[in-house]
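Student: Have a look at the structure that comes next, please.
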Amino acid sequence: MGKIESTRTSIFSYIKNDIICPLCGYKFSKKTSFLDLNFHLNYCGAEKIFHIKTNMALKKILEKKEDTNEYNKWKSESKKIKKNISENDSDMINDLQLVIDYNEEEDIYEEHLKKERKYSDAQEKYVELRKFLSRKKSLMDFSMIIECKSFSQMFKSLKEINIYYNIIYVYNKKNNEKKNYSLNFVINKYIREMIKLNIFEVINNENILSFSFNNTKVDFEMIGVILSILIIYPEIKIRYKIPLILFKLLINQKISLNDVKYSNKNLYDDLSKLTVNKDISHLNLFYTYDGNELILGGAHIKINSFNVFDYVEKVVNYEMNKYKKQINIIKNTINQFIPKKYLFSFNAEQLEQIINKNL
């Protein structure tokens, strides 16, 4: 939740210098841990409705990062603490992680790629990507014929083959009549089938294809395969646009309330109502969501017209953090075909343009 996320700083280490809280003037000594400091700043910021100042203070304090050895030592200690904690205390730890969520090695690598991202012309970066894809494809420049007795077998085979092959599907009908289908046809057929089964949804006024991350029927590996194919083969097009939220999640870009519309329409509607109402104090709404406090002491901090946007932002972050496993499945599938350094060289808007064939 806090800005300690995405840094190497150990939440259990101590600050190196005496620090005065920029919000209330309280003085912290060198014996104060980053954990306690973050708790204070979040609570103090919420009480005084200085959300922007809180983030600025955290960013300034965390500019001095810990070295790698200390980070690895802290990570090891963190795992021991988690392992030894009792079941009764597990909820407490989950609440703490809403305020400060440390990164695994994979997250740090992705953050590093994000920082190294060069904001040059998107077309230049796209040319570099196409050069890489062309080299890979030239190594497998031959056709692969796959015979299937059903469309479901065709869909399943997509996840079991290298999509750099030139694939031709042969469909055997009951009367032994054989018919050839292209990869383009199979991809679009799969999407149509998922729409019929209500696994994918089409937002008609925007022609955007969406799905719920908490839907257990969604094949997230297949989504990764489809996105990879749409990047590798520019000639393959689908009838629908892929929502921006998916690309933001893939490269750890900040999610907005408007993005949630394409993954959780009910939550989007509810939060939107809060932001347009002038007086919400009568709702008795506090800094809690899904049975958890969004900030320390959140169960006692009431939501009003001044802090409602901060509350909405924290709810959105909480909701999206629940789907890290599903996002990682999509990421790992894409990375089988396209290295992260290429994926993270683009921002979400540029990735959307590539997939939706607007670049």
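The values are calculated or read from the model by the stated rules, or taken from the named source; none is laboratory data. Bear in mind that the values here come from a model prediction, so they are computed numbers and not experimental data. Don't worry about glycine lacking a Cβ; one is built from the backbone with ideal geometry, like all the others, and counts go over all protein chains shown.
Student: Has region 238-245 got any residue that is in a loop (DSSP other than H, G, I, E, B), among the charged types (D, E, K, R) and outside the structural domain of LYS189 (by TED's automatic domain parsing)?
Tutor: no
Student: Which of (1) of a type in the set (Phe, Trp, Tyr); (2) within 30 Å of LEU271 (Cβ to Cβ); (3) in contact (Cβ under 8 Å) with a residue 24 or more places away in the chain does TYR233 not meet, given it meets every other one?
Tutor: (2)
Student: Also, I was wondering about something else. In contact with a strand residue (DSSP E or B) (Cβ under 9 Å, 6 or more places away or on another chain) and among the aromatic types (Phe, Trp, Tyr): does that describe TYR342?
Tutor: no
Student: What single numbered condition from (1) among the hydroxyl-bearing types (Ser, Thr, Tyr); (2) over 27 Å from PHE247 (Cα atoms); (3) out of contact with any Cys (no Cβ under 7 Å at 6 or more places or on another chain) fails to hold for TYR171?
Tutor: In the conditions (1) among the hydroxyl-bearing types (Ser, Thr, Tyr); (2) over 27 Å from PHE247 (Cα atoms); (3) out of contact with any Cys (no Cβ under 7 Å at 6 or more places or on another chain), TYR171 misses (3) alone.
Student: If you scan region 258-273, which residues turn out to be over 14 Å from ASN321 (Cβ atoms) and among the hydroxyl-bearing types (Ser, Thr, Tyr)?
Tutor: Once the filter is applied, which keeps residues that are over 14 Å from ASN321 (Cβ atoms) and among the hydroxyl-bearing types (Ser, Thr, Tyr), region 258-273 yields TYR262, TYR268, SER272.
Student: Which one of ILE280, ILE327, ILE303 is under 30 Å from VAL218 (Cα atoms), surrounded by 13 or more Cβ atoms within 10 Å (Cβ to Cβ) and in contact with a Leu (Cβ under 9 Å, 6 or more places away or on another chain)?
Tutor: Going through ILE280, ILE327, ILE303 in turn, the sole match is ILE327.
Student: Collect the residues in region 278-326 that are free of Cβ contacts under 8 Å to residues at least 12 places away in the same chain and of a type in the set (Val, Ile, Thr), keeping them in residue-number order.
Tutor: Within region 278-326, just THR288 meets the criteria.
Student: Okay, next question. Which one of these does GLU221 not meet: (1) in contact (Cβ under 8 Å) with a residue 60 or more places away in the chain; (2) surrounded by 18 or more Cβ atoms within 10 Å (Cβ to Cβ); (3) within 16 Å of ILE191 (Cα to Cα)?
Tutor: Only one criterion in (1) in contact (Cβ under 8 Å) with a residue 60 or more places away in the chain; (2) surrounded by 18 or more Cβ atoms within 10 Å (Cβ to Cβ); (3) within 16 Å of ILE191 (Cα to Cα) is unmet by GLU221, namely (2).
Student: Another question, then. State which residue is surrounded by the fewest Cβ atoms within 10 Å (Cβ to Cβ) when the search covers only region 175-218 and only residues that are hydrophobic (A, V, I, L, M, F, W, C) and assigned to a loop (DSSP other than H, G, I, E, B).
Tutor: Once the filter is applied, the top-ranked residue is LEU197.
Student: Take region 266-288 and flag every residue that is at pLDDT 85 or above and charged (D, E, K, R).
Tutor: Listed by number, the residues that qualify are ASP269, ASP270, LYS273.
Student: Within region 211-242, which residues are over 16 Å from the mean Cα position of the chain (by Cα) and of a type in the set (Val, Ile, Thr)?
Tutor: THR216, VAL218, VAL225, ILE226, ILE229, ILE231, ILE232, ILE236, ILE238
Student: Would you be able to tell me the number of residues in region 224-239 that are surrounded by 18 or more Cβ atoms within 10 Å (Cβ to Cβ) and either touching a Gly at 6+ places or on another chain (Cβ under 8 Å) or not aliphatic (A, V, I, L, M) (or both)?
Tutor: Selection size over region 224-239: 2.
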